[in-house]
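Bear in mind these aren't lab numbers, they're just calculated from the coordinates by the rules spelled out. Just so it is clear, the model here is predicted, and its values are computed rather than measured. Glycine gets a Cβ as well: all are built from the backbone with ideal geometry, and neighbour counts include every protein chain shown.
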Number of protein chains: 2
Amino acid sequence: MEYYLNIIKQNNLKLTLRRIAVIKLLLNEHRLFTVAEVRHRLKNDFSRVGLPTVYRILQQFREIGLVQTALSANDHLRYFICTSRKHDHHHFICSQCDRVYCLDYCQQNQIEKYIETELHARADYHYLQIVGLCEHCRLPKAQDSD
Amino acid sequence: MEYYLNIIKQNNLKLTLRRIAVIKLLLNEHRLFTVAEVRHRLKNDFSRVGLPTVYRILQQFREIGLVQTALSANDHLRYFICTSRKHDHHHFICSQCDRVYCLDYCQQNQIEKYIETELHARADYHYLQIVGLCEHCRLPKAQDSD
DNA sequence: CTCTAAACAGAAAAGATTTTCATTAACGGG
DNA sequence: CCCGTTAATGAAAATCTTTTCTGTTTAGAG
Ligand SMILES: [Mn+2]
Ligand SMILES: [Mn+2]
Ligand SMILES: [Zn+2]
Ligand SMILES: [Zn+2]
C-alpha cells in the first residue's frame, strides 16, 4: 500500500481520498474493473464521486504505470493493479471471475531474435495476455456449493 | 479477396458495397485503422457513409473473425485484417508506420504447461502483440530522403 | 496552525460511440 | 428481370467518455 502511494507522490500527483480509495479497491480484489464498477464502489465511501474523476484517476494511474488495462471479450477496456515489482512479466486472466494473476513468464529475448530473423525488424516490447479458468473457477467446489 | 467475401456470406451478412470497400481498404494496406480513418477513406467512394455504419461493419467483422483489433499506445482501439490462414499466430506492429505483420509464432503449448504448473489453472487462449520498428522504418532510406 | 501555490473535483458542455427506427438495398425464387 | 423477404443504412436520439472551467482540497513553508 505504502509502495503505491509513494508512486503517486513521485509522479507529482496528490494523495487525495479518492485516489487512495481506488488503490485500496484494486489491491483488495485482484481483478478487472470497469470504470463504472470502480465508481459504484467509491459511492460507498463518498457522498459524491464525479464520473470524470474516476476516468481521470484510472487514466493517470495507467500513465504512471500504477495500473494496467486489458480488453474484455467484447473489447471493453478494464483496469487492474499489478502486484508484482518485476518489470517484465505478464498476466493470466480468469474469464469467469475476472481475477488477475501475475506471471513470471516473459520471452522478450526469444521474441527479439525471432523478429530480427524473420522480419529484419526490431522488437521493442510485447504485450501478452493469457485467458482461461483459474484454480477456483476450474472445478465446482464440494464444500461451498450454491 | 474472394476468400474474405465468402466469409461474409457464410456468416449470413450481405455483400454490400460499403462492406466490400472496407475489406478492400484493409487488404490494400496492411495496417491499423481507426474508425474515423476508415470512414474518411470510404467517403472517396460514397457520397454518404454514416458513422454508425462504419462502427457496425468493423465490429461485425471482428465478431466473425474477419478483422482483429489492437490497442494503440494511448489505448485507442484500431482495426486490421489478418492475411494469414493459419489459426494460431500473432502479429508484429510497427510503432512508426502502423503496418501489421503476421507471425508464425505461437507458444500455446508451452503456455498451457506453464499455467497448469504455476497456477493450477487452464489456459484457453492467449493474445500476443509485439511492437517495434519494421524493416522499412528501422533505417532511414538512402534514396528516398525527405 | 495558517497561508499560499498548485493540483483536484464536480458540473456542464463537448465529443465519441451505440441504439432506435423508418427507409433503402441485397438476395433468392419465380 | 420482378417481386417479396430480410437485412443494412443513415438520421436522430441515447449513452458513454473526455474536456473545460471554477470552486475546493492538498501539500508544504513559515
Ligand atoms: Mn503483474
Ligand atoms: Mn495474421
Ligand atoms: Zn476464476
Ligand atoms: Zn514501419
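What the table below lists for this structure:
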{"item": "25 °C / 0.890 mPa s Stokes-Einstein diffusion coefficient of the protein assembly as shown, Kirkwood radius on C-alpha pairs, µm²/s", "result": "114"}
{"item": "Two-site label geometry, B:LYS86 and A:TYR55: point separation in nm, points 7 Å out along Cα→Cβ", "result": "4.1"}
{"item": "Reachable lysines, given that their alpha-carbon falls under 22 Å from the alpha-carbon of B:LYS24 and they are not under 8 places away in the same chain", "result": "B:LYS9, B:LYS14, B:LYS43, B:LYS86"}
{"item": "Other copies of A:ARG56: label-to-label distances in nm, shortest first, labels 7 Å along the beta-carbon direction", "result": "3.7"}
{"item": "Across the identical copies, how the A:GLN10 labels are spaced - nm, sorted shortest first, 7 Å along Cα→Cβ", "result": "5.1"}
{"item": "Radius of gyration and maximum dimension Dmax of region A:1-83, Cα, Å", "result": "12.0, 35"}
{"item": "The protein assembly as shown: calculated mean residue ellipticity at 222 nm from DSSP helix runs of at least 4, using -39500 (n - 2.57)", "result": "-11500 deg cm²/dmol"}
{"item": "Taking only Cα atoms of region B:84-146, radius of gyration then Dmax in Å", "result": "16.8, 56"}
{"item": "Global form of chain A, assessed from the alpha-carbon gyration tensor, a/c cut-off 1.5", "result": "oblate"}
{"item": "Assigned charges on the beta-carbon of Lys, Arg, Asp, Glu; the protein assembly as shown dipole about Cα centre (debye)", "result": "1280"}
